1. Would you mind calculating the relative contact order of region B:2-182 from Cα pairs under 8 angstrom and at least 6 residues apart, reporting the percent as a whole number?
2. Taking the Cα centre of chain A as origin, work out the dipole magnitude from +1 charges on Lys and Arg Cβ and -1 charges on Asp and Glu Cβ, in debye rounded to 20.
3. May I ask you to derive the relative contact order of chain B, considering only C-alpha pairs under 8 Å and at least 6 residues apart, and to give it as an integer percent?
4. Starting at the first residue of region A:149-154, write each ³J(HN,Hα) from the Karplus equation 6.51 cos²θ - 1.76 cosθ + 1.60 with θ = phi - 60°, in whole Hz, x for Gly and Pro.
5. Can you list the residues, at least 5 places off or on another chain, whose amide H is less than 5 Å from the amide H of B:ALA233, using H built in the peptide plane?
6. State, to one decimal in nm, how far the label point of A:LEU173 lies from the label point of A:THR243, with both points 7 Å from Cα in the Cβ direction.
7. Compute the helix-to-body angle for B:72-86: its Cα long axis versus the longest principal axis of chain B, expressed 0 to 90° and rounded to tens.
8. Just to confirm my numbers, what's the Cα centroid distance between region B:134-197 and region A:184-254 in Å?
Amino acid sequence: MNIFVFVKRVPDTESKIRINPTSTNIVFDGLNYILNPYDEYAVEEALRIKESQGGQVTVFSVGPDEAQAILKKCLAMGADEAVLIKDESEELYDGWRTARIIVAALQQHYPDFDLLLFGKQAVGDDNSQVPAMVAEMLGLPQVNVVTKLEIQGSQGVAYREIEGAHEKVVFSLPAVISAQKGLNEPRYETLRGIMAAKRRQIPVLPLEQLGLTEEEIKPKVAVVKVEAPPPRKAGQVIDEEITEAVKKLVAFLHEEAKVI
Amino acid sequence: MILVFGEIRDGQLKKASLEALSTARRVGETSGLKVGAVIVGSLTEETKESFQRCGADIIYCLSHPLLGSYSSSGYSNALAQLVTEENPEALLLAATAMGRDLAPRLAARLRVGLASDCVRLELKEGVFEAVRPIFAGKAFLTVQASSSPFLATLRPNVFPVVEKASSSLEVEERKVDLDEDMVKERVEEIIRGEQEELDITEAEIVISGGRGMKGAENFQLLRELSALLPQSAIGASRSAVDAGWIDHQHQVGQTGKTVSPTLYMAFGISGAIQHLAGMSSSKYIVAVNKDPEAPIFKVADFGVVGDLFEVIPHLKEELKKFKS
């Protein structure tokens, strides 16, 4: 089983996001970066499939040199190989561009695989676009937001989360799967894994070697403005006897929120 | 024309699809654009009436024996055929589980961009402009499409359903050209939990518990409260989910779901930045916490400083009294 996992370097979920008033983007200086949390489930799932069925796990990231840190984390978790598809551009919030880059890299340099695993979304751009776009561009089956995956030979069954229920989806390999929280419990890196990953040289595939024209990877959704969310005013905080407080709360639910 | 995908689940049209249709009507009116709805499968009288009430001028029904159950590749292929035939200016879908799965595949097929999970949509001098949250709502992007048709998914529970009937309504059956190779994955079964639960993204009221709930068994208190509040669902903070007290489907926040209900009630949730990001767009926020310094009070419209284990029983009593 040849499994590819696609991971992204994203600002820590604890980050305060500031707006750059002179651009159409956020302020990237001073942000602490992590491996996208949903991608961790994808890496873990790949490792589990490999452990039970044999095979090889290769992790890819589209991003700047700094993305090597998350690739090394994946190696330390147990991935066999890692590849950086080097793209120095700032976050553009456009799924099309990333999907095109991934598809070109696969078609030209890594055409043999059985499974493409992603996180269900990158925290940050919150697009949830790349897995489905890659699946369509390669003509593959897709199952997104997966909380349980079973692979047997060339057949797969995935359970994907929908509103208040799960869909059981059947498909054939090769396929694209995106991971949701709950799929598994990602392992910690071992100290030995971390030390070994430190010494690894990660091959770099520059964007220029993918034969893509500027036109082909031009974002299809243009950002014209970025804003902070409208501030919320703090309302009344009642710190008094509970019976009184609850009476006032019920009055609030009725008169202001109008939900009862 | 602005085309809207009508999502049918269990034979029922999703409310979020009517929100999208009402939005299409509103932005289309200024430019004299017609509004079309498209469904996969056969049209029930009830769905037809809903579409008409919200202003559809035409309904397209796409049918094919291979589209009996949902398939991302099958549905996107069918929709792409209609888009190619009708050439609409825009196509809107609700950002539901199905819409989020289908729209990017369709975008790639049509070679257009996609504005995901939008919370505002306008048509200004012929250009569609959408606002969408990033970082779970810590910032908002205004985006325009540099490709056509404009494709967007709209976040459920944000856009109002506006009843404004169209003067006439056409219904057109369209045969879809598909073969088995084109339907690459298939929903074999829908598995529901033991209790029929409303999803937090679709609920009018979300009642959430955090670390202060102290254990899985105490979420029963929230369920009892939920039984007294119409259209409510149970949410949770990341710490409650990570402690294993409740399934992650209920998690609100940056690694969970972003919700915008009419009322959000936070019990024993301190208000970490990741959590606030996921619920700050709620219309009203009520917080109950023992700690008067909890950050949740900074965003709450109504806060009660107190022990949730004392507040909830009182609140249940008062709600029962109020009802009778």
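1. On the way: 369 pairs, mean separation 53.8, N = 181.
For region B:2-182, the relative contact order is 30 percent.
2. Values: 29 positive and 39 negative charges, 63 e Å.
It works out to roughly 300 debye.
3. Numbers: 687 pairs, mean separation 47.9, N = 324.
Rounded, it is 15 percent for chain B.
4. Each residue's phi maps through the Karplus curve to give 9, 10, 10, 9, x, 9 Hz.
5. B:ILE205, B:VAL206, B:ILE207
6. Output for this residue pair reads 6.7 nm.
7. Taking Cα atoms only, the helix is inclined about 50 degrees.
8. Spelled out, the Cα-based centre of one part sits 24 Å from the other.
Only the coordinates and a few stated rules stand behind these numbers; no lab work does. What you see is a predicted model; the values in this text were computed from it and never measured. Note: ideal-geometry Cβ built from the backbone for every residue, glycine included; neighbour counts use all protein chains shown.
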